[in-house]
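See below for the structure under consideration.
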Amino acid sequence: MVSKRKFMSMCLIMLVILFMFQFTQVIKESGNQYDVNEYATEPVLASGDVWRAKQVVYPDSKEPVDAEEAESSEEQEQTEAVIPLTQEELTHSVAFVGMAQDVRQKVVASWCEYTKRNLCVFSSLGDFLKENISPEILLIEAGFVDYDKDLTELLSRVEQGQMVAFLTLPSISIIRGSEELRILLGIDKVMIDQVELVGQKMFSGFFLGGEGYYEVHQKEDEEKQDLALKTPWFLTRRGVKTYMVGLLEENYLAGDERRNEKLPALIWRSAYGVGKVFSINGDFMQDNTALGILDAIVAEAKEYDIYPIVNAQNISVVNYPGFADENGDEMQKIYNRNLTGVYRDIIWPGFLAIMEKTGMRMTCIFGPQMDYMDGEFPNGRDLIFYLKQLKEQELEAGISADYENAPNMKEKCILDNTFYRMEKSKYIYSVVYAKKKQLSELEGLLLKEDFDNPIFDHVATVTSEFSKEDAVISYFMDHQTLQNATSDGTSHSFSEDIYMKSIETSLGYSNILLDMKRVAFPESVEDHWEKMSDKFSSNIFTYWQPFQMFDQTTLSESDERIRTFFSLDYRSRLEGKQVKLQVSGRNGRPAWFILRTHEQEVVNVMGGSSKKIEDGAYLIQAEADEVNIELKGQDSHKYEPDEDTTDRTIYNMS
Amino acid sequence: MSMMMSELTIRQTVFYGLAYLFITAALPGFLFRRKLQGRRLAQKFMICFMLGNFYIMNLVYILQLLHLSYRITLILGTVLPVVIGKIKMDRIPIRAMWMTGLDNARRLSIHTMGPKQLWARFYDNNKEKAKRTLLSCWHGIWTRIPDWICLTGFFLFFCWFYGCQLTHDYGYTASDVPVHLYWINEMGNNHIFTAGVYPFGFHCIIYYLHAVFRIDTYALLRVFWFPQTLMIHLMLVGFIRLCCKNKYLCYAATFFYVANNYMSVHTYNRYFATLPQEFGMLFLLPSIYFLFAYFKQKEKELKEGLENKESRLYLVMFAMSFSMTLTVHFYGTMIAGLYCVAIAVGFVFWFVRPAYFREIMVSGILSVVVAVLPMLIAFLMGTPLQGSLGWGMNIINGSSEESRNAKAVSVNEESENGNQVLEFDANGNLVSVTVGDEEPDEVLKDEKEKKPFKERVTDAWENGIKKEMYTWMFNENMPRDWYAEVILWIIVILSVEGILYFLLGKRHYGSILLSTGIVLLILTILMGAADIGLPPLMEPRRCCIYLTYILMAGMAFVADGFLSILFWAKPLRLTGNTVSLACVVVAACFLHDADTMRPQIEMSTFQTNEAITCLTNVLAEEKDFTWTILSAGDELQMGIDHGYHYEISTFIRKMEKSLKNQDPELYFPTPEVYVYIEKIPLDYSMAYQGSGQNVSIRGAIRPIPTASGNFVYKGENRWILMSKMYCWAQAFSRLYPNEMQVYLETDQFVCYKVTQNPYRLFNFAIDYGYNSW
């Protein structure tokens, strides 16, 4: 029998417990301003604020421009472009010898924009040599060199300290036939004109993220091998440092104890006099992979190197979540749930677990509906659920301009707008996703040419598909930035790994874009969530691990950093053991740099802070316009010798 | 946070010294605490120290010969006998203790007793013991305040004088230390007598400290000389204290020994190196003391009909100490043997008696057998004798030129006029040329034989002994015309005092004085043995070290004998002690003068401070076997347990050879390569005309020295090699400016650090512009 007193006590305790649990939930619910996007800020900087690299295109001297022809607008443009750089501008400039407007020149131009260097474009090495200018680095496409005429002069320039990089190598016959060229390139001899590699290996210290070993050992890795495996086999000379080699089958050089040193070199550096010559034996310079390579080359050639980066790591999950139960039969068949159920019950907990483990932050690009013709309509309850969830997890929402089946983007946007208006959502969407082919259509919508769509009013950044060729980050329109994906999340081939490391090295940026439309409208088993999730999580846990020191951002945060990155300019110099960095154009915002020091440690940073990325590489956050970075000197050892100040007679025991 | 090398060196010295004393004195003291009760402190210390050293040396010897010498066996070999011995000797109820311990653990586990209660029990059980120990310590301090003051004063002066070298010069001061280092390192692989049979007692001790305490051998050899020298001085203090009747003369004599400026630097400069000969001195005076003590005790036992337990103990201790002198270095044994001969004369009335004679001879023979046995076993097992033993025998036989005159070198050349003798001084300068058909030695010999005995004795004294003494023993900067005669006077006074005390009935004491006088006479003659036609058992420059050491005891005995006669009566003994204390003060005041007090000296080293600093940093900062040091020879053995080494002479020869053969490959398979270059090359035990010059292109263009062994690093050869290496480094750093960083640079030295990819090594063979081809 329970006494009244005991009964009262029990009730009281139950009430207290009930209150305690409900109270936290009530507070959480009432305090969750899910309808406010705290990351959406009015951008201060626009494309007009971008620091523009000076690009000077020198005319081809071999084919003098005809006076009459020069009247044509194209020639006029070219002639007008030749306004030589000042001496000050030349100290921070790059000379490119190669075909103007070809893919390599475009990449080099992008790199110059990113690293705030001016660019001089020459159509032949002879033209460059005639100009008698000393750029920071001379980038040469091998096909634009007259090896009989220009080599001696080039050797002399290198001997005096000119830094050179051969973006492509001359043909084997030219290399074989010229001792001078071999000396310049650091090639001892050509072993085989073309050798079949089994893989490639990039040594640590070149790209950030450590060593890369690109050889297939297991059957599952076969799909990853997409590197060019046929290459000339060069043996390098003494004084050469190699950054990347090709891997051979074991029967090559079997038993040779110097086998490692004789593996085919793919990227290497030779020295001639005071200058350095970098050679790239492969097709690495044809896309954005070149960005990181060029940064690594400059860092390797100089005593130290500091360059600006974005410092943003993003995950964009596009077309997720969807609010309409589309493709119901297929979903029932695969997951025994409707689509919204799959998104909410299966996928969302999975994402949360990944975010929790990696610390990465996701931007969910809502796709209320994919198929606008199937009669299924989006459900507003899910919108509020996800907005609340995103708020709690400190994530961001964006809108997708992509669709599976709709008359056009404009129609889709009208319907989406109606949905958001009906749900009375005040959330400000500053991120929008569109496929490459949809970008021009999106541009029209953003310009509000014939349609005023309020949900696009605050769009600050556009994200798009993964492409190695298009600029990683740029201004899409005057007020909108474009952040292209750097990975599709589920595939990570060897070349993609090199690409990812290169972009991280160059920009400290990544944008893993996972398109969830594949889950809603699967085309193969590979599109099933369990498969995609497996690949996505294992890729993130494995390949992005070395870049954890970069900031994890949402796309809006990343956008703000990109704007600052584009607008800033900088100069640096080394004084003793201090790197003096002068930053301008950061508009009071922090700016980030990568400092590469060749094993020297950063001891102190004044005007900012530093984080070690790996040995010899530091992430510098500049919070002032003048930043002093103190490096550890040679006198900073664990044990220091004493100064002998005593005046004693010296005796010898013998 | 970085630490100054001097601070590190001081820490190392203190730690290594304490580790050595812990093993050789504290552990035996702990084990034999009860047995040693009632003895004088100095005697206790000597017994423990001898036991400890003897045990460790022989433990290492046995384990090495059995190829079982490892850290664990050495620790077990040390700890087990102590534990078992302690249980047996002190009759510790180990079973009861075990049960109590178990009970305590059980009660702790079931919470019927807390840690506080356990502590209270332990405190109650040991309170009285701790109190007694503290009181005893306090008593030891309180009743010996003058002793502690004197010891502290001596210690401070010792630290000032010797510590200066320790904290300012980090390298080895003797050229043979790297050889000993190599032998000790090989013991790590159970390869004792790696270069042939040699007295390894010193090496056993250093190896033991290295293996058990995980101390780097190179660091031990760098600083161990300090505690070793301190112990040599303390042994002198103990010896005089135990032999003299007046308490404080030991401090006066030892202070005079360490502080006087009358003695030449040759009498103490070897103390600045960790060498076996000096280590052997630790056992010299104790062996003599135990023999003195034996005679006294034996006489007492025979007179009073007591058991001969105590005298046996002294005899055993004598045997152990004497054995250790031989186990460590032959020269120590030689001096101890000569002292024993002097004792045989001084104590002749006891010595010839069968009761004494038999025991002494048996113990003497046993001590030699114990010392020689490990060497004999190794020799019988096929290990040849080490080269320096042959050299030592030559010295004794007088067949070495060096023994005739260590400073001068004679070269015989056949010329048209007959035999031509060229004499050079130590710097290689031609001093004299003698031409003649007759052998010069023969001429001198004939002349000597023609002289009358008295004239020959005077000549031997003036041109032989005295000359050697002034060359080696006395400071040339002091007015020293009469110093040699002082030694003679000390010998005479000691002999007179000895006879006087003998006649006064203090026969034992008198014999001590007499024996000391005799040994001083023998050593004085030994100084000039080569010049007076006697077998030169020892070079004068080594003999003077022992002579000075024993002379201090002799001087103390002279004063003691005088004071003891003056204050003969028992009531006056306190006055005698007071006067002896005054002697310390007088010695301190007398030596306070700038001329008479020994100034701090600096011994030239065979490694630069920078090289040692770099090595210390490399060992501290780098993982083992991830680095290679490219330097002149010495770092090979210094870092052998942690990394790799490559000699610059081999490097340059191989590089040039490989370039000639058009096969330019020279790789170091470690991620880090450190290159040591002396910008002003050291005079590595050999000066040359251009000593002290900087490395230069003039040196780099010279052909590669062809000398073998470490002669390639001596004199001008070193300058040529360093010049070549410097030019190579400049060329290599142009090729790899970021990969080759300056690690440490001063005006004299530069260390480069090359960081390379171990999977794609740099080819270090480059054409640096000064290749010989």
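Summary table
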read-out: So B:Tyr182, is it more than 14 Å from every other protein chain (Cβ to nearest Cβ), in a helix (DSSP H, G or I), surrounded by fewer than 23 Cβ atoms within 10 Å (Cβ to Cβ) and in contact (Cβ under 8 Å) with a residue 60 or more places away in the chain; value: yes
read-out: Checking A:Ser533 against (1) modelled with pLDDT of 95 or more; (2) surrounded by fewer than 23 Cβ atoms within 10 Å (Cβ to Cβ); (3) among the hydroxyl-bearing types (Ser, Thr, Tyr), the condition it does not meet; value: (1)
read-out: The lone exception for A:Tyr570 - which of (1) surrounded by 15 or more Cβ atoms within 10 Å (Cβ to Cβ); (2) in a strand (DSSP E or B); (3) within 14 Å of another protein chain (Cβ to nearest Cβ) it fails; value: (3)
read-out: Of the criteria (1) within 11 Å of another protein chain (Cβ to nearest Cβ); (2) surrounded by 20 or more Cβ atoms within 10 Å (Cβ to Cβ), which one B:Asn757 fails; value: (2)
read-out: Residues located in segment A:83-111, provided they are of a type in the set (Phe, Trp, Tyr) and either surrounded by fewer than 23 Cβ atoms within 10 Å (Cβ to Cβ) or within 22 Å of the chain's Cα centre (by Cα) (or both); value: A:Trp111
read-out: Filter result (outside any helix (DSSP H, G or I) and among the polar types (S, T, N, Q)) within segment B:14-51; value: B:Gln37
read-out: Test result for B:Ala174, assigned to a loop (DSSP other than H, G, I, E, B), out of contact with any Pro (no Cβ under 8 Å at 6 or more places or on another chain), more than 14 Å from chain A (Cβ to nearest Cβ) and over 27 Å from B:Lys44 (Cβ atoms); value: no
read-out: Selected residue (criterion: nearest to the chain's Cα centre (by Cα)) from residues of segment B:600-611 that are within 25 Å of B:Phe732 (Cα to Cα), more than 7 Å from every other protein chain (Cβ to nearest Cβ) and not hydroxyl-bearing (Ser, Thr, Tyr); value: B:Gln607
read-out: All positions within segment B:737-754 that are within 10 Å of chain A (Cβ to nearest Cβ) and assigned to a loop (DSSP other than H, G, I, E, B); value: B:Pro737, B:Asn738, B:Glu739, B:Thr746
read-out: Pick from segment A:217-239, criterion under 18 Å from A:Phe284 (Cα atoms) and touching a Pro at 6+ places or on another chain (Cβ under 9 Å), ranking: surrounded by the fewest Cβ atoms within 10 Å (Cβ to Cβ); value: A:Pro232
read-out: Sole exception among (1) within 30 Å of A:Tyr618 (Cβ to Cβ); (2) surrounded by fewer than 18 Cβ atoms within 10 Å (Cβ to Cβ); (3) facing chain B (nearest Cβ under 10 Å) for A:Thr242, by number; value: (2)
read-out: Within segment B:665-681, considering residues that are buried (at least 19 other Cβ atoms within 10 Å of the Cβ) and within 11 Å of another protein chain (Cβ to nearest Cβ), the one modelled with the lowest pLDDT; value: B:Leu666
read-out: Which numbered condition A:Thr542 misses (of (1) part of a strand (DSSP E or B); (2) more than 16 Å from A:Gly508 (Cα to Cα)); value: (1)
read-out: Residue in segment B:612-630 that is within 14 Å of chain A (Cβ to nearest Cβ), without any contact (Cβ under 8 Å) to a residue 60 or more places away in the chain, of a type in the set (S, T, N, Q) and not in a helix (DSSP H, G or I) present; value: yes
read-out: Scan of segment A:245-258 for residues that are modelled with pLDDT of 90 or more and either surrounded by fewer than 22 Cβ atoms within 10 Å (Cβ to Cβ) or charged (D, E, K, R) (or both), ordered by number; value: A:Leu247, A:Leu248, A:Glu249
read-out: Matching option when the condition is closer than 30 Å to A:Gly282 by Cα, of a type outside the set (Val, Ile, Thr), assigned to a helix (DSSP H, G or I) and touching a residue at least 24 places away in the same chain (Cβ under 8 Å), among A:Ser464, A:Ser510, A:Ser495, A:Ser491; value: A:Ser495
read-out: Matching residues in segment B:210-229 - criterion: being surrounded by fewer than 21 Cβ atoms within 10 Å (Cβ to Cβ) and not β-branched (Val, Ile, Thr); value: B:Phe213, B:Arg214, B:Asp216, B:Pro227
read-out: From B:Glu622, B:Glu656, residue being more than 27 Å from the chain's Cα centre (by Cα) and either closer than 23 Å to B:Ser696 by Cα or modelled with pLDDT of 95 or more (or both); value: B:Glu656
read-out: Given (1) part of a helix (DSSP H, G or I); (2) acidic (Asp, Glu); (3) in contact with a strand residue (DSSP E or B) (Cβ under 9 Å, 6 or more places away or on another chain), number of the condition A:Asp188 does not satisfy; value: (1)
read-out: Total residues in segment B:760-769, condition buried (at least 18 other Cβ atoms within 10 Å of the Cβ) and more than 8 Å from chain A (Cβ to nearest Cβ); value: 2
read-out: Qualifying positions in segment A:592-608 - among the β-branched types (Val, Ile, Thr), assigned to a strand (DSSP E or B) and within 14 Å of another protein chain (Cβ to nearest Cβ); value: A:Val603
read-out: Any hit, segment A:404-413, residues being part of a loop (DSSP other than H, G, I, E, B) and surrounded by 20 or more Cβ atoms within 10 Å (Cβ to Cβ); value: no
read-out: Answer residue from segment B:1-57, given it is over 25 Å from B:Ala273 (Cβ atoms) and within 14 Å of chain A (Cβ to nearest Cβ) and is surrounded by the most Cβ atoms within 10 Å (Cβ to Cβ) among those; value: B:Ser2
read-out: Residue that is farthest from the other protein chains (Cβ to nearest Cβ), among those in segment B:686-736 that are among the β-branched types (Val, Ile, Thr) and not in a loop (DSSP other than H, G, I, E, B); value: B:Ile720
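One line per residue, one yes/no per condition, for (1) of a type in the set (A, V, I, L, M, F, W, C); (2) away from chain A (no Cβ under 14 Å); (3) assigned to a helix (DSSP H, G or I):
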residue	(1), (2), (3)
B:Asn125	no, yes, yes
B:Leu135	yes, yes, yes
B:Ile141	yes, yes, yes
B:Phe154	yes, yes, yes
B:Phe161	yes, no, yes
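Yes/no per residue for (1) β-branched (Val, Ile, Thr); (2) within 12 Å of chain A (Cβ to nearest Cβ); (3) at negative phi:
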residue	(1), (2), (3)
B:Cys244	no, no, yes
B:Thr254	yes, no, yes
B:Met263	no, no, yes
B:Tyr271	no, yes, yes
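The rows are residues; the columns are (1) β-branched (Val, Ile, Thr); (2) touching a helix residue (DSSP H, G or I) at 6+ places or on another chain (Cβ under 6 Å); (3) surrounded by 20 or more Cβ atoms within 10 Å (Cβ to Cβ); (4) under 20 Å from A:Glu141 (Cβ atoms).
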| residue | (1), (2), (3), (4) |
| --- | --- |
| A:Ser173 | no, no, no, yes |
| A:Ser178 | no, no, no, yes |
| A:Gly186 | no, no, yes, yes |
| A:Val195 | yes, no, no, no |
| A:Val198 | yes, no, no, no |
| A:Met202 | no, no, yes, no |
| A:Gly205 | no, no, yes, no |
| A:Leu208 | no, yes, yes, no |
| A:Glu215 | no, no, no, no |
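The values are calculated or read from the model by the stated rules, or taken from the named source; none is laboratory data. In this text the structure is predicted, and so the values were computed from the model without any measurement. Every residue, glycine as well, gets a Cβ built from its backbone with ideal geometry; the counts of neighbours run over all protein chains shown.
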